[in-house]
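Below: the structure, in structure tokens.
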Amino acid sequence: MKPAVTSGPKPVPPSPLLPDLSIMKEREREREAPLSLEASLSHHILWQQPFQLQDDTPSLPPAITLIGAEEWASAITLGIQDEPSPLTSLTTTSKGRSCKRSSGRRPNEYGSQRPVTVDSSKAKTSLDALKISIRQLKWKEFPFGRRLPCDIYWHGVSFHDNDIFSGQVNKFPGMTEMVRKITLSRAVRIMQNLFPEEYNFYPRSWILPDEFQLFVAQVQMVKDGDPSWKPTFIVKPDGGCQGDGIYLIKDPSDIRLAGTLQSRPAVVQEYICKPLLIDKLKFDIRLYVLLKSLEPLEIYIAKDGLSRFCTEPYQEPNPKNLHHIFMHLTNYSLNIHSGNFIHSDSASTGSKRTFSSILCRLSSKGVDIKKVWSDIISLVIKTVIALTPELKVFYQSDIPTGRPGPTCFQILGFDILLMKNLKPILLEVNANPSMRIEHEHELSPGVFENVPSLVDEEVKVAVIRDTLRLMDPLKKKRENQSQQLEKAGKDDPLESEPTSALDCNASPEAHLPSICLKQVFPKYAKQFNYLRLVDRMANLFIRFLGIKGTMKLGPTGFRTFIRNCKLSSSSLSMAAVDILYIDITRRWNSMTLDQRDSGMCLQAFVEAFFFLAQRKFKMLPLHEQVASLIDLCEYHLSLLDEKRLVCGRSGTSGGRHPHSSSPQETSLSAQPARGKPLPDTDCARSGHGTPSPCPPPLGARRASCCPSPLHPGRPEDDGPHSFALLCGFPAP
């Protein structure tokens, strides 16, 4: 007997692995809906190349073009909602026309491939924004991890959240330690010693308790010279976050400061008493910066950020209002508890707004927005340059060369304050900026619910999504496949539409808006490479570490550095070198909390390097002394590398020309070694034709490898309209 046949298809149960279609449709409707004028104004920033002004007026650096409200209004009337994506032209087809197959080829031979996989099991507070980003990209998420390796691992706190041996992870080892308030202050201070004018965007800082006596003495000295000076200082605990433990003082004798010395380390800074105000309120800017790579250095800045407002009208500090945290501290986590905090879904109102809405408002008052962006971009690049040397030491410690490990990238949160004169001041850098896209709403005392924040979602989802797009590990493969398709179409004369298969399958990002992250380095590297002296010192430091995975230089390594670079002399014996090593290392080890291994840390090595440079080149400014010593060290090491290379190859290939390149040379410094000359054959040969050490004139190599307005007349100089002038550097 035949079984009964039921009519109609059987219902298919929903799969937990598939995205919720209702949510996807709702997101699609939101994306296709016309934007309001207010929402459109929050996307008004378009990036362009640096422009130039007439005569001797300094031109602005890589900046932003601000489109006026009237132009945006007319654009919206015409139905223009966003910048066209550069990929749109690859996928647009006339209505009703289907994509044709290439002759004799399967439709998915090139265009279709597996989705990018993302492990989000450690994402924590950024999980919601990450999920939305993955859905928009049509990638595959593994919220509970995966036995097989994933392409990208998204960690919520640190590099060490998981043990990873491949793929990409969104944290750098050591970043959390590097942006702590004390470590950041020390890194910026080194740069301030070398380039005081270029690094004047960071307030004068003292580290407590180590520099408490110095703090008291310097404040008293300034007061004695100017009795009318009445400063205010802000104390920030080293490990504090979200405004925890921050307070203001008027005098170093404040009793609370004594309590800080006994409890935990802190940084005390000059308080910025004249900030820019909007609606009589103090505010700061949270900008998102992507550090895409350390070597080579790649930096991207998001076109939009967030502005966090205080909730009490601002007054300059006085003994009566020092304790008013809602007036002086812009931290969102503090002000949200104020009764005056305003939650708003508008980008231009409330206690949290988009930075683009602030720029639009300033522009309407005649403020030069391009100059503001110029200064902010310069601040970000210089800060990252100050951080990267020690990050390289952390990186080689956790992922030594030759061992398996992931590549790293990271989103940083830069907190910036605009002064009344529109000069940006760096407040701090956050290794783990909040990526939450909702806020807590108190229904009743002690009872809260999470409410979506459209302002947060607009900015943060775009940053995460476009970071993933930039880090897409399959992007290059798709581009290669697209090129193969185009070539195959050109080679086939019977192909009526050679790019039709490409139109169908090879543009997975065609539905997305243009990328909100703009590259600023290495795009503008020529204007900033001269600042990377400490970076070059870090490369020397790493070279002589010896043991893979260590972060401190032992006495043998330091002696080897002195010998190989030929720094010892009659006035600096090896015994004096040993004493220098012991004194500096002992003092730095007493100040640092990291006691994982003994030896000389990078900052101690930098101090020793400064000492050696000042002894050898006494008549030059500090930055030129240091640059000259680096040149000398790299020169002698290049000779040593070449000698080893020639000796190593002479036994197998009968020797090579002494000017052949060495693999070690390419890793000596962060900058290309194109300026490293070997001894001149006319002046550097002895009677037997053997090369002898004959260093080039001081500054000769810097002229070729370190373009800088400090050394005019270089072939690399961009002329009077260079970006260096835009940032206030000396004119050539």
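The values are calculated or read from the model by the stated rules, or taken from the named source; none is laboratory data. Quantities reported herein were computed from a predicted structural model and do not represent experimental measurements. Virtual Cβ from ideal backbone geometry, glycine too; neighbours counted across all protein chains shown. For the accessible areas, the whole protein counts, side chains as well, though only heavy atoms, and no ligand, DNA or RNA atoms are used. Shrake-Rupley method; radii C 1.70, N 1.55, O 1.52, S 1.80 Å.
Observations, loosely collected:
- Residues that are touching a Phe, Trp or Tyr at 6+ places or on another chain (Cβ under 9 Å) and aromatic (F, W, Y), drawn from the range 139-181: F159, F172
- Residues (under 30 Å from V216 (Cα atoms) and small (G, A, S)) located in the range 254-312: A258, G259, S263, A266
- Test for E607: is it open to solvent by 20 Å² or more (accessible area, probe 1.4 Å) and at pLDDT 90 or above: yes
- Unique match (being surrounded by fewer than 22 Cβ atoms within 10 Å (Cβ to Cβ), not in a strand (DSSP E or B) and not assigned by the TED database to the domain that holds P203) among S166, S121, S133: S166
- Residues of the range 462-508 that are modelled with pLDDT of 70 or more and either surrounded by 21 or more Cβ atoms within 10 Å (Cβ to Cβ) or among the acidic types (D, E) (or both): A462, V463, I464, R465, D466, T467, L468, D472, E479, L485, E486.
- Criterion applied to F195, F142, F172 was being open to solvent by 30 Å² or more (accessible area, probe 1.4 Å) and modelled with pLDDT of 90 or more, and the one residue passing it is F142.
- Where a residue in the range 217-240 is basic (K, R) and its partner, wherever it lies, is part of a loop (DSSP other than H, G, I, E, B), with Cβ under 7 Å and at least six apart: K223/W229; K236/I246
- I301 touching a Lys or Arg at 6+ places or on another chain (Cβ under 9 Å), assigned by the TED database to the domain that holds R436 and over 20 Å from V463 (Cβ atoms): no
Matching residues to (1) out of contact with any Leu (no Cβ under 7 Å at 6 or more places or on another chain); (2) among the aliphatic types (A, V, I, L, M); (3) open to solvent by less than 60 Å² (accessible area, probe 1.4 Å); (4) in a strand (DSSP E or B):
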site	(1), (2), (3), (4)
L418	no, yes, yes, yes
V429	no, yes, yes, yes
E442	yes, no, no, yes
F448	yes, no, no, yes
E457	yes, no, yes, no
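- One residue stands out among those in the range 509-556 that are more than 18 Å from the chain's Cα centre (by Cα) and β-branched (V, I, T): the one that is modelled with the lowest pLDDT, which is I547.
- Against the criterion of being more than 15 Å from K460 (Cα to Cα), among the acidic types (D, E) and in contact with a helix residue (DSSP H, G or I) (Cβ under 8 Å, 6 or more places away or on another chain), E316 does not qualify.
- Just one residue in the set I246, I207 is open to solvent by 10 Å² or more (accessible area, probe 1.4 Å) and of a type in the set (V, I, T); that residue is I246.
- Note on the range 269-312: enclosed strands (runs of 3 or more DSSP E) holding 3 or more residues that are open to solvent by 10 Å² or more (accessible area, probe 1.4 Å) are 281-293.
- Residue within the range 185-208 that is touching a Leu at 6+ places or on another chain (Cβ under 6 Å), touching a residue at least 12 places away in the same chain (Cβ under 8 Å), under 16 Å from E428 (Cα atoms) and of a type in the set (V, I, T) present: no
- Total residues in the range 129-183, condition small (G, A, S) and over 22 Å from the mean Cα position of the chain (by Cα): 2
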